[in-house]
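Participant: One structure, pasted below without further comment.
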Protein chains: 2
Amino acid sequence: MRAPLWAAMAAVLFVGSAVAAPRETRIPQAAIDAAAELRERALASDLGYKITESLTTQVGPRLAGSEADARAVAWAQAKFRELGFDKVWLEPVTFPKWERRSEHAQVLGANAQPLTLTALGGSPAGTVEGEVARFADLAALEAVPAGSLAGKIAFVDFAMPRAKDGAGYGPGGRVRSRGPSAAIRAGASGFLMRSAGTDSHRMPHTGITRFDDGLKPIPSAALSAPDAAQLSRLAALGPTRVRVALDCGWDGEATSHNVIGEIRGKSKPDEVVIIGGHLDSWDLGTGAIDDGAGVGLTMAAAKLIGQSKLRPARTIRVIAFANEEQGLYGGKAYAAKHAADVAKHQIGAESDFGAGRIYAYSSSAPDYAKTADAQIAQALAPLGIEHTPGKGGPGPDISPFAAGGLAWARLAQDGTDYFDYHHTPDDTLDKIDPKALAQNVAAYAVFAYLAASADGDFGSAAKKVTPPEE
Amino acid sequence: MRAPLWAAMAAVLFVGSAVAAPRETRIPQAAIDAAAELRERALASDLGYKITESLTTQVGPRLAGSEADARAVAWAQAKFRELGFDKVWLEPVTFPKWERRSEHAQVLGANAQPLTLTALGGSPAGTVEGEVARFADLAALEAVPAGSLAGKIAFVDFAMPRAKDGAGYGPGGRVRSRGPSAAIRAGASGFLMRSAGTDSHRMPHTGITRFDDGLKPIPSAALSAPDAAQLSRLAALGPTRVRVALDCGWDGEATSHNVIGEIRGKSKPDEVVIIGGHLDSWDLGTGAIDDGAGVGLTMAAAKLIGQSKLRPARTIRVIAFANEEQGLYGGKAYAAKHAADVAKHQIGAESDFGAGRIYAYSSSAPDYAKTADAQIAQALAPLGIEHTPGKGGPGPDISPFAAGGLAWARLAQDGTDYFDYHHTPDDTLDKIDPKALAQNVAAYAVFAYLAASADGDFGSAAKKVTPPEE
């Protein structure tokens, strides 16, 4: 939100100086006091957990475009209403629909045995059989001559490293996104990878892949870590043939919805702080840490803000985004629909990295908002959250809008264990620590409350629009 | 082995007394010295791990009576030979064959979602649909009036407690063995249970069940812990219908084999110390902790004994038992076949409780063998093994023979984590700590070496035979 000319003039008059006062965004003390009360109230509440439990239990897995996804939309709408949000609505999101029907694999021959794998999202159906060509990492696969893997099944056995901030998902995820195309270029008939995960359970990790233009997609799947190790041991003993049978694929278009609920602001209800998570999940688990938690904790944070004695000036808008998993469709749709209103978005933060404790806060606040940014950080400090200016970036679903000019904040979660469960059947409610989730609710509530209460903005401005002269 | 009359007379002459000396089993110092060397050699060896790796990698899952089970028999025979055992042979074991083909379950209706489960061994095939009747434990199910669950699916949601010695498997396993019959008596059309396990992963635990005589078996399966929790939450919200579709069942008889290898004793080769594990596994995992480890570590222990400078007096016989999982068929067959030779069996010990460190030693040694028993315990002490006289009992496969008079020893493994993986897809090689396995090999090697070197016996004697007069 940019300050209009008259406000700047008023400021000049107020400070009684001939030079325009530097614009400074600040949070009033009354709001800071109210946020401290809110923080303690949130820590003592199990609302975030209860909402997450409700979604993951009553809907369970909710692959974008599925019947269960539609039930999740209905659930979110009903939950916002039940929680007393002031306004609840849907915004349609359309995308190609991908389905998983069945998946099997086995080692053939003298060491015959089944393998546990899962199709990568976007993989075509198909049954392929061939000798395994193992590569230690993506670079090794990308280095083989074109056509040299004809009749073979490429297998990248890269073990993603564990990291608190999830940094290992960079190289791990790249195997998934670029490996299939590299395999096709090399002439392979199928693609296998060690799951992009950090666990050692018989749990394959799915996730979206893509195929470069002009390439004919091949069946592509991820093995669980123990199966990848097993296949590597077998391949080391001698030529090893496998059969991979996937029944899955694209099937037309589907329309789901971003589900949006608002707690109305007191004095500037048209300006909004956006928080949220994504409503869809992969089909294997019940989408608890990815991203039932993100939906549950932001809904709870807004609800608790609504119960504060002092309502913030601006509106808190919670967005349960559609189809994050297959390409940020909900986030892109929101950014496109609200592009003209970017300056009315005070700031945004998305929770989509599990349910671990938040350990760091940062934002895109420009210099003139550093005071407010520091005030938020100070209010978060009692939650064990460090201020780390300049670190990180926006959550996935708000990143398209951030690219369009949205100011963003990052409430970084401890993701040490996140990739043990991410995109697996094991992403279930029991993986969430209710106390850690309450800390998340407290952090989002404090952040959103203070940002919504600030005098001044955090720099949201449409990027392609020439800034108005003042 | 009982001392013949002339030996007793010689002892009398030797001690130069008119009163018969009390019989005392003792281990010569030279053997104790050799065992100390053997212990260190075993700790430094990865042979047990390598053998376990070979079995679990090259054969993988090996359900009794399956094609893979036959490959496991061939593997064991070849491995004994490759390791240079002096004698290798097979003893046939025949049993009913049970197969798992497919298994699916789902919640029906407004909260529709898939459930992860696995058929209990021995379950019939069948598709049943009905409202879930949840019980907190077996006693609650057993208490309902006959016929009161008509048209329903009984569900026992008992969470087995974790324990170092596996004590929780008593009540946990009872739900599996007695629950289905209780469900039938109550009129249920299907039986579900929370897996007898201690993990919280999406891993159902299979295991054999049985149906009381005169009852018509019903489809019976175990849910993973997260699925059991989910189903309980759903059932708490209101009537919950599920469909359970199992394709599995008995299919005639199969013959597998106990595979036996021997390291010949120097002076009393006809007398044997038996050690071993079971060769079969459930079909879900690769049978690493249950019981590839038991086979691998006892094979390695015997091989290392064979490499000692001083061979023990008696033979070390390693038995890879057939079909333990479905009813101790290999153990019973061995006991029946060798019943007349029980006194030639110095003592026996089986490893079938995973691959955790051994923390306690005990045996059935009678009073006159307490000295040797204490000598063994002393030689095990540097491995962190406590002497716990009177504790525990024989391993499953030697228990039928122990009932017939075999002296037994127990090398108790730390089973704290055993039931996280037991009978699940997650029973794979990566769950074995090579150092812990080497400690097991050292313990079995020391125990078997010393028992085989003792002057005197440990009390093995056919129980139904009147003891000969001396």
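Participant: At 222 nm, what helix-only mean residue ellipticity would the protein assembly as shown give, in deg cm²/dmol to the nearest 500, using -39500 (n - 2.57) for each DSSP H run of four or more?
Facilitator: -10000 deg cm²/dmol
Participant: Which whole-number value in Å³ per residue fits the convex hull of the alpha carbons of region A:172-284?
Facilitator: It comes to 176 Å³ per residue, whole-number rounded.
Participant: How much accessible area does B:Trp408 have with a 1.4 Å probe, in Å² rounded to the nearest 10?
Facilitator: B:Trp408 has an accessible surface of roughly 40 Å² with all protein chains in place.
Participant: Put one equal scatterer on each alpha carbon of the protein assembly as shown, apply the Debye formula with no solvent term, and list log10 I(q)/I(0) at q = 0.05, 0.07 1/Å to two decimals.
Facilitator: Cα-only, vacuum Debye calculation for the protein assembly as shown: -0.37, -0.67.
Participant: Also, quick follow-up: For a quick check: with amide H placed at 1.01 Å from N, whose amide H comes under 5 Å from B:Val156's, ignoring anything fewer than 5 positions away on the same chain?
Facilitator: Result for B:Val156 returns B:Phe135, B:Leu192, B:Met193, B:Arg194.
Participant: For region B:57-112, with equal point scatterers placed on the C-alpha atoms only and solvent neglected, what are the log10 I(q)/I(0) values from the Debye formula at q = 0.22, 0.27, 0.29 1/Å, to two decimals?
Facilitator: -0.94, -1.13, -1.19
Participant: With r as the distance between the Cβ atoms of B:Asp251 and B:Ala340 and R0 = 51 Å, compute the FRET efficiency 1/(1 + (r/R0)^6) and round to 0.05.
Facilitator: Using R0 = 51 Å, I get an efficiency of 0.90.
Participant: To continue, here is another question. Just the accessible area per residue of region B:37-173, please: how many Å² with a 1.4 Å probe?
Facilitator: I get 40 Å² per residue for region B:37-173.
Participant: Treating the beta-carbon of each Lys and Arg as +1 and of each Asp and Glu as -1, no other charges, what is the dipole magnitude of the protein assembly as shown about its Cα centre, to the nearest 20 debye?
Facilitator: Dipole magnitude for the protein assembly as shown comes out near 160 debye.
Participant: Sort shortest first the distances from B:Lys87 to its counterpart in every other copy, using label points 7 Å along the Cα-to-beta-carbon line, and give them in nm.
Facilitator: List, nearest first: 9.0 nm.
Participant: Right, another one. Kindly write out, for region B:274-287 in residue order, the coupling ³J(HN,Hα) from the Karplus curve 6.51 cos²θ - 1.76 cosθ + 1.60 (θ = phi - 60°), rounded to whole Hz, with x marking Gly and Pro.
Facilitator: 9, 9, x, x, 10, 7, 6, 9, 5, 8, 6, x, 9, x
Participant: With respect to the axis carrying B onto A, what is the closest chain B residue by Cβ position, and how many angstrom separate it from the axis?
Facilitator: In chain B, the Cβ lying nearest the symmetry axis toward A is B:His201, 3.
Participant: I'd like the antiparallel share, as a percent to the nearest 5, of DSSP beta bridges with both residues in chain A.
Facilitator: 60 percent
Participant: Hey, another quick one. Among the DSSP beta bridges whose two residues both lie in region B:100-252, what percent are antiparallel, rounded to the nearest 5?
Facilitator: Details: 19 of 33 bridges.
Percent antiparallel among DSSP bridges in region B:100-252 is about 60.
Participant: Okay, moving on. If the label for A:Gly390 sits 7 angstrom from Cα along the Cα-to-Cβ line, what are its distances to the same label in every other copy, in nm to one decimal, shortest first?
Facilitator: 7.0
Participant: Checking buried surface per residue: for region A:90-110, which residues lose a minimum of 20 Å² accessible area in the protein assembly relative to the chain alone (1.4 Å probe)?
Facilitator: A:Ala110
Participant: Quick one: order A:Trp98, B:Trp89 from most to least accessible surface, probe 1.4 Å.
Facilitator: Per-residue accessible area, sorted high to low, gives B:Trp89, A:Trp98.
Participant: Considering only the label points, 7 Å along Cα→Cβ from Cα, what distances in nm to one decimal separate A:Ala44 from the same position in each other copy, shortest first?
Facilitator: Spacings between copies for this position, smallest first, are 6.5 nm.
Participant: Hey, another quick one. If you wrap region B:354-470's Cα atoms in a convex hull and average its projection over all directions, what's the area in nm²? Numbers along the way, then the final one.
Facilitator: Details: hull surface 33.8 nm².
Its average projected convex-hull area is 8.4 nm².
Participant: Quick one: net charge around A:Arg185, please, counting Lys, Arg +1 and Asp, Glu -1 for every other residue with C-beta under 10 Å from its C-beta.
Facilitator: -2
Participant: Using a 1.4 angstrom probe on protein heavy atoms only, which residues from region B:407-427 are buried by at least 20 Å² of accessible area when all chains are present rather than their own chain alone?
Facilitator: In region B:407-427, residues shielded by partner chains: B:Pro425, B:Asp426.
Participant: Using the Kirkwood formula on the Cα atoms of region B:112-168, what hydrodynamic radius do you get, in angstrom to one decimal?
Facilitator: About 13.9 Å, per the Kirkwood formula over Cα pairs.
Participant: Buried by at least 20 Å² relative to the chain on its own: which residues of region B:31-70 qualify, computing accessible area with a 1.4 Å probe on protein heavy atoms?
Facilitator: Relative to the lone chain, where solvent access is computed with a 1.4 Å probe, region B:31-70 loses at least 20 Å² at B:Thr57, B:Gln58, B:Pro61.
Participant: While we're looking at this one, here's another question. Please state the Cα pair-distance histogram of region A:293-381 with 5 angstrom bins from zero: what percent is in each bin?
Facilitator: Calculated over all Cα pairs of region A:293-381, the distribution is 3, 10, 16, 22, 24, 17, 7, 1, 0 percent.
Participant: Provide, in order from the shortest bin, the percent of all Cα-Cα pairs of chain B in each 10 Å bin, continuing until the bin that contains the maximum pair distance.
Facilitator: 4, 21, 28, 22, 14, 8, 3, 1, 0
Participant: Where the accessible area of chain A is counted over protein heavy atoms with a 1.4 Å probe, how much of it, in %, is carbon and sulfur? Show your work: numbers first, answer last.
Facilitator: Working: 9450 of 17280 Å².
Carbon plus sulfur share of accessible area: 55 percent.
Participant: I would also like to ask the following. Leaving ligands and nucleic acids out of the surface, order B:Asp280, A:Asp283 by accessible area at 1.4 Å, largest first.
Facilitator: Result, largest first: A:Asp283, B:Asp280.
Participant: Hey, another quick one. I'd like the Karplus ³J(HN,Hα) series for region A:87-96: coefficients 6.51, -1.76, 1.60, θ = phi - 60°, whole numbers in Hz, and an x wherever there's a Gly or Pro.
Facilitator: 8, 9, 8, 10, 10, x, 9, 10, 7, x
Participant: How much accessible surface area, in Å² rounded to 10, belongs to the heavy atoms of A:Tyr421 with a 1.4 Å probe?
Facilitator: 50 Å²
Participant: Then there's this: In terms of solvent-accessible area of protein heavy atoms at a 1.4 angstrom probe, what is the ranking of B:Tyr359, B:Tyr418, highest value first?
Facilitator: The ordering from most to least exposed comes out as B:Tyr359, B:Tyr418.
Participant: Looking at B:Leu411, B:His257, B:Val73, which one has the Cα that reaches farthest to the positive end of the dipole of chain B (charges on Cβ: Lys, Arg +1; Asp, Glu -1)?
Facilitator: Checking the options against the dipole of chain B, the answer is B:Leu411.
Participant: Summed for both chains, how many Å² of accessible area, to the nearest 100, are buried between B and A with a 1.4 Å probe? Walk me through the intermediate numbers first.
Facilitator: On the way: alone 18480 and 18430 Å², together 34600 Å².
That pair of chains buries around 2300 Å² in total.
Participant: Let me know the shape class of region A:103-252, please: from the alpha-carbon gyration tensor, a ≥ b ≥ c as square roots of the eigenvalues, rounded when a/c is under 1.5, otherwise prolate if a/b is greater than b/c, or oblate. Kindly include the intermediate steps, with their values, before the conclusion.
Facilitator: Numbers: a/c = 1.26, a/b = 1.05, b/c = 1.19.
In terms of gyration-tensor shape, rounded.
Participant: Would you tell me the accessible area of A:Asp157, worked out with a 1.4 angstrom probe on the heavy atoms of the protein chains, in Å² to the nearest 10?
Facilitator: Answer for A:Asp157: close to 20 Å² accessible.
Participant: Give me a comma-separated list of calculated 3J(HN,Hα) values for region A:116-123, in order, Karplus coefficients 6.51, -1.76, 1.60 applied at θ = phi - 60°, integers in Hz, x for any Gly or Pro.
Facilitator: Ordered by residue, 3J(HN,Hα) equals 9, 8, 9, 5, 6, x, x, 5 Hz.
Participant: Please work out the FRET efficiency for the pair A:Lys268 and B:Ala112, using the Cβ-Cβ distance as r and a Förster radius of 45 Å; give the result to the nearest 0.05.
Facilitator: Calculated value: 0.55.
The values are calculated or read from the model by the stated rules, or taken from the named source; none is laboratory data. Remember, predicted model here, so these are calculated numbers, not experimental data. Cβ coordinates were reconstructed from backbone atoms using ideal geometry, including for glycine residues, and neighbour counts include every protein chain displayed. Ligands, DNA and RNA are excluded from the accessible area calculation, which covers all protein heavy atoms including side chains. Shrake-Rupley method; radii C 1.70, N 1.55, O 1.52, S 1.80 Å.
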